[in-house]
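The values are calculated or read from the model by the stated rules, or taken from the named source; none is laboratory data. This is a predicted model, so every value here is computed, not measured. With ideal geometry, Cβ positions are generated from the backbone for all residues, glycine too; neighbour counts draw on all protein chains shown. Accessible surface areas use protein heavy atoms only, side chains included; no ligands, DNA or RNA. Shrake-Rupley method; radii C 1.70, N 1.55, O 1.52, S 1.80 Å.
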Amino acid sequence: MVRRFLIMLPGPTNVPERVYRAMMRPLMSHRGPEFRELYARIVENARYAFQTSGHIFVLTCSGTGGVDCAVANVVRPGDKVLAPTFGVFSERMAEAARRVGADVIEIPIRWGSAPTASDLEPFFSRGDVKAVCIVYNDTSTGVTVREMPKICELAHENGALVLVDAVSILGGDVLPVDDWGVDVCVTGSQKCLACPPGLALISVSEEAWEAIEANQSRPFYFDLVRAREFYEKRHETPFTPAIPLFYALDEALIMLREEGLETRFKRHARCARAFYSAVEALGLKAFPEPEWRSNTVIAVRAPDGLSPSELRSVMKERFGILVAGGMGKVREEIFRIGCMGIISAREVLLTVSALAASLSQLGYKADIQEALGAASRELGLA
Ligand SMILES: Cc1ncc(COP(=O)(O)O)c(C=O)c1O
(Lines give C-alpha, C1' and ligand atoms only; values in the text may rest on other atoms or scores of the structure.)
Protein backbone atom coordinates (compact mmCIF):
# COMPACT_ATOMS: atom_id res chain seq x y z
CA MET A 1 0.00 0.00 0.00
CA VAL A 2 1.43 3.36 -1.01
CA ARG A 3 1.44 5.93 1.76
CA ARG A 4 -0.93 8.83 1.12
CA PHE A 5 1.30 11.85 0.79
CA LEU A 6 0.35 15.49 0.73
CA ILE A 7 1.28 16.14 -2.88
CA MET A 8 2.77 19.62 -3.13
CA LEU A 9 4.40 18.91 -6.48
CA PRO A 10 3.82 21.06 -9.53
CA GLY A 11 1.81 18.13 -10.84
CA PRO A 12 0.47 15.64 -10.24
CA THR A 13 -1.34 17.32 -7.40
CA ASN A 14 -3.86 16.41 -4.69
CA VAL A 15 -7.09 15.01 -6.08
CA PRO A 16 -10.38 15.65 -4.23
CA GLU A 17 -12.31 12.62 -2.97
CA ARG A 18 -15.19 13.44 -5.30
CA VAL A 19 -12.88 13.11 -8.28
CA TYR A 20 -11.34 9.84 -7.01
CA ARG A 21 -14.81 8.41 -6.46
CA ALA A 22 -15.95 9.46 -9.94
CA MET A 23 -13.17 7.33 -11.42
CA MET A 24 -14.71 4.21 -9.84
CA ARG A 25 -17.87 4.43 -11.94
CA PRO A 26 -18.46 1.37 -14.13
CA LEU A 27 -16.98 1.43 -17.60
CA MET A 28 -19.19 2.17 -20.57
CA SER A 29 -18.95 1.92 -24.35
CA HIS A 30 -17.24 4.90 -25.89
CA ARG A 31 -19.58 4.47 -28.86
CA GLY A 32 -22.83 4.80 -26.95
CA PRO A 33 -25.18 7.59 -25.81
CA GLU A 34 -23.85 7.63 -22.23
CA PHE A 35 -20.35 8.49 -23.43
CA ARG A 36 -21.63 11.12 -25.84
CA GLU A 37 -23.47 12.84 -23.03
CA LEU A 38 -20.38 12.68 -20.80
CA TYR A 39 -18.03 14.05 -23.46
CA ALA A 40 -20.40 16.86 -24.43
CA ARG A 41 -20.65 17.94 -20.78
CA ILE A 42 -16.87 17.83 -20.38
CA VAL A 43 -16.42 19.98 -23.48
CA GLU A 44 -19.02 22.51 -22.32
CA ASN A 45 -17.39 22.85 -18.90
CA ALA A 46 -13.92 22.94 -20.41
CA ARG A 47 -15.07 25.84 -22.62
CA TYR A 48 -15.89 27.67 -19.40
CA ALA A 49 -12.43 26.88 -17.96
CA PHE A 50 -10.66 27.99 -21.16
CA GLN A 51 -13.04 30.93 -21.61
CA THR A 52 -13.61 30.02 -25.22
CA SER A 53 -16.57 29.35 -27.45
CA GLY A 54 -14.35 27.45 -29.88
CA HIS A 55 -13.55 23.77 -30.25
CA ILE A 56 -12.08 21.82 -27.36
CA PHE A 57 -10.90 18.23 -27.47
CA VAL A 58 -9.81 15.87 -24.73
CA LEU A 59 -6.86 13.72 -25.73
CA THR A 60 -5.86 10.50 -24.03
CA CYS A 61 -2.22 11.38 -23.38
CA SER A 62 -0.17 13.42 -20.95
CA GLY A 63 0.47 17.15 -21.33
CA THR A 64 3.42 16.56 -23.64
CA GLY A 65 1.14 14.70 -26.04
CA GLY A 66 -1.14 17.75 -26.08
CA VAL A 67 1.77 20.08 -26.87
CA ASP A 68 2.99 17.70 -29.59
CA CYS A 69 -0.53 17.60 -31.02
CA ALA A 70 -0.79 21.41 -31.10
CA VAL A 71 2.55 21.85 -32.83
CA ALA A 72 2.27 18.96 -35.30
CA ASN A 73 -1.20 19.99 -36.49
CA VAL A 74 -0.35 23.64 -37.14
CA VAL A 75 3.32 23.67 -38.09
CA ARG A 76 4.62 22.25 -41.36
CA PRO A 77 8.19 21.47 -42.40
CA GLY A 78 9.99 24.70 -43.26
CA ASP A 79 7.56 26.98 -41.41
CA LYS A 80 9.21 29.73 -39.42
CA VAL A 81 8.35 29.48 -35.73
CA LEU A 82 9.38 31.72 -32.83
CA ALA A 83 10.07 29.96 -29.57
CA PRO A 84 11.18 32.01 -26.57
CA THR A 85 13.06 29.66 -24.25
CA PHE A 86 13.31 30.37 -20.54
CA GLY A 87 13.12 26.93 -18.93
CA VAL A 88 12.86 23.22 -19.61
CA PHE A 89 9.29 23.22 -20.91
CA SER A 90 9.82 26.07 -23.35
CA GLU A 91 12.91 24.23 -24.64
CA ARG A 92 10.75 21.13 -25.08
CA MET A 93 8.16 23.07 -27.06
CA ALA A 94 10.89 24.39 -29.36
CA GLU A 95 12.10 20.81 -29.80
CA ALA A 96 8.56 19.65 -30.68
CA ALA A 97 8.52 22.24 -33.49
CA ARG A 98 11.99 21.19 -34.69
CA ARG A 99 10.80 17.58 -34.82
CA VAL A 100 8.15 18.48 -37.40
CA GLY A 101 10.82 20.17 -39.50
CA ALA A 102 10.06 23.80 -38.64
CA ASP A 103 12.64 26.54 -38.96
CA VAL A 104 12.69 27.30 -35.24
CA ILE A 105 14.03 30.67 -34.11
CA GLU A 106 14.79 30.19 -30.44
CA ILE A 107 14.80 33.39 -28.41
CA PRO A 108 16.75 32.62 -25.25
CA ILE A 109 15.57 34.51 -22.19
CA ARG A 110 17.40 34.43 -18.87
CA TRP A 111 15.96 31.75 -16.61
CA GLY A 112 14.01 33.39 -13.80
CA SER A 113 12.57 36.03 -16.11
CA ALA A 114 9.90 35.85 -18.81
CA PRO A 115 9.76 36.86 -22.46
CA THR A 116 8.11 40.20 -23.26
CA ALA A 117 6.54 41.50 -26.47
CA SER A 118 9.61 43.63 -27.09
CA ASP A 119 11.86 40.56 -26.89
CA LEU A 120 9.86 39.03 -29.75
CA GLU A 121 9.16 42.11 -31.86
CA PRO A 122 12.41 42.24 -33.89
CA PHE A 123 11.86 38.67 -35.11
CA PHE A 124 8.65 39.60 -36.94
CA SER A 125 10.31 42.15 -39.21
CA ARG A 126 10.15 39.96 -42.35
CA GLY A 127 6.49 39.07 -41.95
CA ASP A 128 7.14 35.36 -42.44
CA VAL A 129 6.47 33.93 -38.97
CA LYS A 130 3.89 31.15 -39.02
CA ALA A 131 3.51 30.72 -35.28
CA VAL A 132 4.77 31.62 -31.85
CA CYS A 133 5.22 28.56 -29.62
CA ILE A 134 5.18 29.78 -26.05
CA VAL A 135 4.84 28.32 -22.57
CA TYR A 136 2.61 30.53 -20.42
CA ASN A 137 3.95 29.19 -17.13
CA ASP A 138 7.33 27.48 -17.29
CA THR A 139 7.05 24.98 -14.46
CA SER A 140 10.82 24.45 -14.29
CA THR A 141 11.48 28.04 -13.18
CA GLY A 142 8.14 29.08 -11.66
CA VAL A 143 7.79 31.90 -14.17
CA THR A 144 4.57 33.21 -15.77
CA VAL A 145 4.58 35.20 -19.00
CA ARG A 146 2.66 38.23 -17.77
CA GLU A 147 2.83 39.89 -21.20
CA MET A 148 0.91 37.09 -22.87
CA PRO A 149 -1.94 39.37 -24.06
CA LYS A 150 0.59 41.76 -25.65
CA ILE A 151 2.48 38.87 -27.23
CA CYS A 152 -0.74 37.51 -28.75
CA GLU A 153 -1.58 40.95 -30.13
CA LEU A 154 1.88 41.36 -31.62
CA ALA A 155 1.75 37.92 -33.23
CA HIS A 156 -1.66 38.56 -34.77
CA GLU A 157 -0.64 41.97 -36.10
CA ASN A 158 2.09 40.09 -37.92
CA GLY A 159 -0.13 37.31 -39.22
CA ALA A 160 1.25 34.64 -36.87
CA LEU A 161 -0.68 32.12 -34.79
CA VAL A 162 -0.05 31.66 -31.07
CA LEU A 163 0.30 28.15 -29.66
CA VAL A 164 0.34 28.13 -25.87
CA ASP A 165 1.47 25.43 -23.47
CA ALA A 166 -0.70 26.23 -20.43
CA VAL A 167 -0.20 22.81 -18.87
CA SER A 168 0.71 24.07 -15.40
CA ILE A 169 -1.55 27.10 -15.20
CA LEU A 170 -4.93 26.78 -16.89
CA GLY A 171 -7.58 26.85 -14.18
CA GLY A 172 -5.16 28.42 -11.68
CA ASP A 173 -4.56 31.86 -13.13
CA VAL A 174 -6.11 34.19 -15.66
CA LEU A 175 -6.15 32.89 -19.25
CA PRO A 176 -9.13 34.08 -21.30
CA VAL A 177 -8.34 32.15 -24.48
CA ASP A 178 -10.76 34.01 -26.79
CA ASP A 179 -10.16 37.49 -25.37
CA TRP A 180 -6.42 37.16 -25.67
CA GLY A 181 -6.63 35.41 -29.02
CA VAL A 182 -4.75 32.25 -28.08
CA ASP A 183 -5.05 30.07 -31.20
CA VAL A 184 -4.21 26.71 -29.72
CA CYS A 185 -4.11 26.24 -25.96
CA VAL A 186 -3.08 23.06 -24.21
CA THR A 187 -3.42 21.94 -20.64
CA GLY A 188 -3.00 18.72 -18.70
CA SER A 189 -5.43 17.03 -16.33
CA GLN A 190 -3.02 16.62 -13.41
CA LYS A 191 -2.20 20.22 -12.57
CA CYS A 192 -4.59 23.08 -11.81
CA LEU A 193 -7.65 21.00 -12.72
CA ALA A 194 -6.90 18.68 -9.75
CA CYS A 195 -7.40 15.48 -11.68
CA PRO A 196 -5.16 12.43 -12.05
CA PRO A 197 -2.62 12.46 -14.89
CA GLY A 198 -3.35 11.02 -18.32
CA LEU A 199 -5.44 13.54 -20.24
CA ALA A 200 -4.62 16.67 -22.22
CA LEU A 201 -7.17 19.30 -23.23
CA ILE A 202 -6.71 21.42 -26.31
CA SER A 203 -8.63 24.39 -27.71
CA VAL A 204 -8.49 25.52 -31.33
CA SER A 205 -9.39 28.95 -32.79
CA GLU A 206 -11.05 29.52 -36.19
CA GLU A 207 -7.79 30.99 -37.52
CA ALA A 208 -5.86 27.92 -36.43
CA TRP A 209 -8.27 25.64 -38.30
CA GLU A 210 -7.23 27.18 -41.61
CA ALA A 211 -3.61 26.27 -40.94
CA ILE A 212 -4.52 22.83 -39.64
CA GLU A 213 -6.69 21.96 -42.64
CA ALA A 214 -3.96 23.11 -45.01
CA ASN A 215 -1.44 20.84 -43.31
CA GLN A 216 -1.34 17.55 -45.21
CA SER A 217 1.21 16.01 -42.84
CA ARG A 218 -0.94 16.02 -39.72
CA PRO A 219 -0.19 13.18 -37.30
CA PHE A 220 -2.44 10.12 -37.34
CA TYR A 221 -3.39 9.63 -33.65
CA PHE A 222 -3.41 13.36 -32.96
CA ASP A 223 -5.18 14.51 -36.15
CA LEU A 224 -7.38 17.40 -34.98
CA VAL A 225 -9.48 17.43 -38.15
CA ARG A 226 -10.44 13.85 -37.44
CA ALA A 227 -11.13 14.73 -33.78
CA ARG A 228 -13.42 17.54 -34.94
CA GLU A 229 -15.31 15.23 -37.32
CA PHE A 230 -15.89 12.70 -34.56
CA TYR A 231 -17.01 15.36 -32.14
CA GLU A 232 -19.29 17.18 -34.55
CA LYS A 233 -20.92 14.04 -35.92
CA ARG A 234 -21.43 12.16 -32.67
CA HIS A 235 -19.64 13.71 -29.68
CA GLU A 236 -17.07 10.94 -29.67
CA THR A 237 -13.30 10.63 -29.80
CA PRO A 238 -11.63 8.98 -32.83
CA PHE A 239 -9.93 6.32 -30.68
CA THR A 240 -10.68 4.61 -27.36
CA PRO A 241 -10.55 7.27 -24.62
CA ALA A 242 -9.33 6.61 -21.05
CA ILE A 243 -12.91 6.40 -19.76
CA PRO A 244 -12.16 6.45 -15.99
CA LEU A 245 -10.09 9.58 -16.49
CA PHE A 246 -12.95 11.16 -18.42
CA TYR A 247 -15.17 10.50 -15.38
CA ALA A 248 -12.57 12.16 -13.20
CA LEU A 249 -12.20 15.15 -15.50
CA ASP A 250 -15.97 15.54 -15.70
CA GLU A 251 -16.20 15.77 -11.91
CA ALA A 252 -13.17 18.07 -11.65
CA LEU A 253 -14.65 20.48 -14.19
CA ILE A 254 -18.01 20.45 -12.41
CA MET A 255 -16.15 21.40 -9.22
CA LEU A 256 -14.29 24.13 -11.06
CA ARG A 257 -17.58 25.58 -12.31
CA GLU A 258 -19.15 25.38 -8.86
CA GLU A 259 -16.27 27.42 -7.46
CA GLY A 260 -16.10 29.85 -10.37
CA LEU A 261 -12.94 30.96 -12.16
CA GLU A 262 -12.59 34.31 -10.43
CA THR A 263 -12.74 32.76 -6.95
CA ARG A 264 -10.37 30.03 -8.04
CA PHE A 265 -7.79 32.47 -9.39
CA LYS A 266 -7.98 34.54 -6.21
CA ARG A 267 -7.50 31.44 -4.07
CA HIS A 268 -4.38 30.44 -6.03
CA ALA A 269 -3.01 34.00 -5.90
CA ARG A 270 -3.63 34.26 -2.14
CA CYS A 271 -1.92 30.93 -1.44
CA ALA A 272 0.99 31.89 -3.70
CA ARG A 273 1.45 35.17 -1.82
CA ALA A 274 1.45 33.21 1.44
CA PHE A 275 4.16 30.88 0.13
CA TYR A 276 6.35 33.72 -1.14
CA SER A 277 6.03 35.61 2.16
CA ALA A 278 6.82 32.51 4.19
CA VAL A 279 9.86 31.73 2.06
CA GLU A 280 11.14 35.24 2.59
CA ALA A 281 10.49 35.01 6.33
CA LEU A 282 12.65 31.88 6.33
CA GLY A 283 15.47 33.90 4.79
CA LEU A 284 15.13 32.14 1.42
CA LYS A 285 14.69 33.68 -2.03
CA ALA A 286 12.18 32.90 -4.72
CA PHE A 287 13.98 31.95 -7.94
CA PRO A 288 12.09 34.23 -10.37
CA GLU A 289 12.21 37.99 -10.36
CA PRO A 290 9.16 39.41 -8.54
CA GLU A 291 7.20 40.52 -11.63
CA TRP A 292 7.24 37.06 -13.20
CA ARG A 293 6.49 34.93 -10.15
CA SER A 294 3.96 32.23 -10.80
CA ASN A 295 0.81 31.76 -8.73
CA THR A 296 0.82 28.01 -9.43
CA VAL A 297 4.46 26.96 -9.07
CA ILE A 298 6.63 28.37 -6.30
CA ALA A 299 10.32 28.01 -7.24
CA VAL A 300 12.72 28.70 -4.40
CA ARG A 301 16.50 28.89 -4.29
CA ALA A 302 17.93 26.36 -1.84
CA PRO A 303 20.14 27.99 0.80
CA ASP A 304 23.89 27.76 0.19
CA GLY A 305 25.27 24.36 1.05
CA LEU A 306 21.89 22.67 1.28
CA SER A 307 20.96 20.15 -1.36
CA PRO A 308 17.36 20.32 -2.60
CA SER A 309 17.20 16.53 -2.75
CA GLU A 310 18.13 16.21 0.94
CA LEU A 311 15.49 18.76 1.85
CA ARG A 312 12.89 16.93 -0.24
CA SER A 313 13.69 13.63 1.36
CA VAL A 314 13.33 15.01 4.91
CA MET A 315 9.98 16.57 3.99
CA LYS A 316 8.84 13.30 2.51
CA GLU A 317 10.08 10.87 5.15
CA ARG A 318 9.38 12.97 8.21
CA PHE A 319 6.23 14.80 7.22
CA GLY A 320 4.79 12.89 4.27
CA ILE A 321 4.90 16.00 2.10
CA LEU A 322 6.14 15.86 -1.48
CA VAL A 323 7.83 18.85 -3.07
CA ALA A 324 9.83 18.85 -6.31
CA GLY A 325 13.48 19.50 -7.05
CA GLY A 326 14.90 21.65 -9.80
CA MET A 327 15.06 20.74 -13.48
CA GLY A 328 17.63 21.23 -16.21
CA LYS A 329 20.48 23.58 -15.43
CA VAL A 330 19.00 24.67 -12.06
CA ARG A 331 18.41 21.10 -10.88
CA GLU A 332 20.77 21.44 -7.91
CA GLU A 333 19.88 25.04 -7.10
CA ILE A 334 16.15 25.18 -6.49
CA PHE A 335 13.17 23.31 -5.14
CA ARG A 336 9.59 23.80 -6.28
CA ILE A 337 6.23 23.70 -4.54
CA GLY A 338 2.99 23.19 -6.41
CA CYS A 339 0.30 25.74 -5.57
CA MET A 340 -2.44 24.18 -7.62
CA GLY A 341 -5.81 22.54 -7.71
CA ILE A 342 -7.28 22.18 -4.24
CA ILE A 343 -4.63 24.44 -2.69
CA SER A 344 -5.92 26.18 0.44
CA ALA A 345 -4.68 27.56 3.77
CA ARG A 346 -4.43 23.98 5.08
CA GLU A 347 -1.94 22.82 2.45
CA VAL A 348 0.04 26.07 2.62
CA LEU A 349 0.44 26.03 6.41
CA LEU A 350 1.29 22.33 6.57
CA THR A 351 3.92 22.75 3.85
CA VAL A 352 5.42 25.88 5.38
CA SER A 353 5.66 24.18 8.81
CA ALA A 354 7.27 21.08 7.33
CA LEU A 355 9.64 23.17 5.25
CA ALA A 356 10.76 25.21 8.28
CA ALA A 357 11.18 22.10 10.46
CA SER A 358 13.08 20.24 7.73
CA LEU A 359 15.43 23.17 7.20
CA SER A 360 16.11 23.25 10.95
CA GLN A 361 16.78 19.52 10.98
CA LEU A 362 19.33 20.03 8.23
CA GLY A 363 21.13 22.65 10.32
CA TYR A 364 19.74 25.73 8.61
CA LYS A 365 18.45 28.46 10.94
CA ALA A 366 14.72 28.68 10.21
CA ASP A 367 12.16 30.48 12.33
CA ILE A 368 8.97 28.48 12.02
CA GLN A 369 6.88 31.09 13.88
CA GLU A 370 7.99 33.88 11.56
CA ALA A 371 7.23 31.76 8.52
CA LEU A 372 3.78 30.73 9.73
CA GLY A 373 3.01 34.31 10.78
CA ALA A 374 3.95 35.64 7.34
CA ALA A 375 1.85 33.01 5.56
CA SER A 376 -1.11 33.49 7.90
CA ARG A 377 -1.17 37.23 7.30
CA GLU A 378 -1.44 36.72 3.54
CA LEU A 379 -4.11 34.11 4.09
CA GLY A 380 -6.12 36.57 6.18
CA LEU A 381 -5.78 34.40 9.30
CA ALA A 382 -3.69 36.74 11.42
C1 LIG B 1 4.52 23.62 -18.67
C2 LIG B 1 4.49 22.13 -18.88
N3 LIG B 1 4.40 21.66 -20.12
C4 LIG B 1 4.36 20.35 -20.37
C5 LIG B 1 4.43 19.44 -19.36
C6 LIG B 1 4.42 17.98 -19.67
O7 LIG B 1 3.34 17.37 -19.15
P8 LIG B 1 3.33 15.76 -18.96
O9 LIG B 1 4.40 15.44 -18.00
O10 LIG B 1 1.94 15.54 -18.46
O11 LIG B 1 3.58 15.18 -20.30
C12 LIG B 1 4.54 19.87 -18.03
C13 LIG B 1 4.66 18.92 -16.91
O14 LIG B 1 5.10 19.22 -15.85
C15 LIG B 1 4.56 21.26 -17.81
O16 LIG B 1 4.65 21.72 -16.55
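A Cβ-based charge dipole, computed about the Cα centre of the chain with Lys and Arg at +1 and Asp and Glu at -1, lands at about 1240 debye. For trypsin sites (Lys or Arg not before Pro), the sites in the stretch 52-133 that DSSP calls loop and that have at most 15 other Cβ atoms within 10 Å are Arg110, Arg126.
Electrostatic tally near Ser29: other residues with Cβ closer than 11 Å to its Cβ, Lys and Arg +1, Asp and Glu -1, net 0.
Computed over neighbours whose Cβ is under 12 Å from that of Ala46, the net charge equals +1, Lys and Arg +1, Asp and Glu -1. Summarised in one figure, the compactness ratio Rg/Rh of the stretch 32-105, Cα atoms and Kirkwood Rh, is 1.09. Write out the trypsin sites (Lys or Arg not before Pro) in the stretch 266-364 meeting two conditions: DSSP loop, and at most 16 other Cβ atoms within 10 Å of their Cβ. Hits after loop and neighbour filter: Arg331. When +1 charges are put on Lys and Arg Cβ atoms and -1 charges on Asp and Glu Cβ atoms, the dipole computed for the stretch 1-133 relative to its Cα centre reaches about 580 debye. Compactness of the chain, taken as the C-alpha radius of gyration over 2.2 N^0.38 Å, stands at 0.98. Accessible area per residue was computed with a 1.4 Å probe on protein heavy atoms; His235 scores about 70 Å². Mean sequence separation of contacting Cα pairs (under 8 Å, at least six apart), scaled by the length of the chain, corresponds to a relative contact order of 23 percent. If you sort the three axes of the alpha carbon gyration tensor as a ≥ b ≥ c, you get a/c of 1.5 or more for the stretch 101-145 and a/b above b/c, which makes it prolate. If both residues of a DSSP beta bridge must be in the stretch 1-154, then about 15% of such bridges are antiparallel. Rounded to the nearest 5, the antiparallel percentage of DSSP beta bridges internal to the chain is 50%. Within the listed set Asp179, Asp223, Asp103, the residue fluctuating most in the Gaussian network model of the chain (springs between alpha-carbon atoms under 10 angstrom) is Asp179.
The residues neighbouring Met340, those whose beta-carbon lies less than 12 Å from its own, together hold a net charge of +2 under the Lys/Arg +1, Asp/Glu -1 convention.
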